[in-house]
1. Within region 52-99, track down each residue that is at positive phi and within 19 Å of the chain's Cα centre (by Cα).
2. Considering only residues that are β-branched (Val, Ile, Thr), under 17 Å from residue 88 (Cβ atoms) and not in a helix (DSSP H, G or I), which ones fall in region 40-73?
3. Do we find that residue 105 is among the charged types (D, E, K, R), at pLDDT below 90 and out of contact with any strand residue (DSSP E or B) (no Cβ under 7 Å at 6 or more places or on another chain) in this structure?
Amino acid sequence: MYTHNPFQEIAVRLSRIENCLNTLKEKTNSLLPPSNSELPDTCNFIQALQYLNERGYIISKSKFYKLTASESIPHKRFGNRLVFSHAELLKWVELQTVQKNTCREATLQLSKSANRKKGGRNG
């Protein structure tokens, strides 16, 4: 007498489904764009602007264009297109970032300023 085990059939079907899902996963992974770690270092004007804005360095499009036109921001040209480097942009941002003055430095600056003003009135 043969008894049919429904759990065994469920296990076989689940195994087939799992194989199909793995095959689909392999096929779709080859179609996905590269992850952030695999992105090329270069980007165009809009991508560079988005890159900085996404990292909290908010710059308007017009300001970014002015910085580029004045050669204040690192970039290269490829024909008539602007090309930026993610690494160079981050280095540039670090150079633009100013630390807050400490209390002592602020007091010293105020003192110097007061002395200049005081000396200017007497002389």
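1. 56
2. 42, 59, 73 - these are the residues of region 40-73 that are β-branched (Val, Ile, Thr), under 17 Å from residue 88 (Cβ atoms) and not in a helix (DSSP H, G or I).
3. Spelling it out, residue 105 is indeed among the charged types (D, E, K, R), at pLDDT below 90 and out of contact with any strand residue (DSSP E or B) (no Cβ under 7 Å at 6 or more places or on another chain).
The values are calculated or read from the model by the stated rules, or taken from the named source; none is laboratory data. Everything numeric here is computed off the predicted structure, so don't read it as measured data. Glycine also receives a Cβ, built like all others from the backbone with ideal geometry; neighbour counts cover every protein chain displayed.
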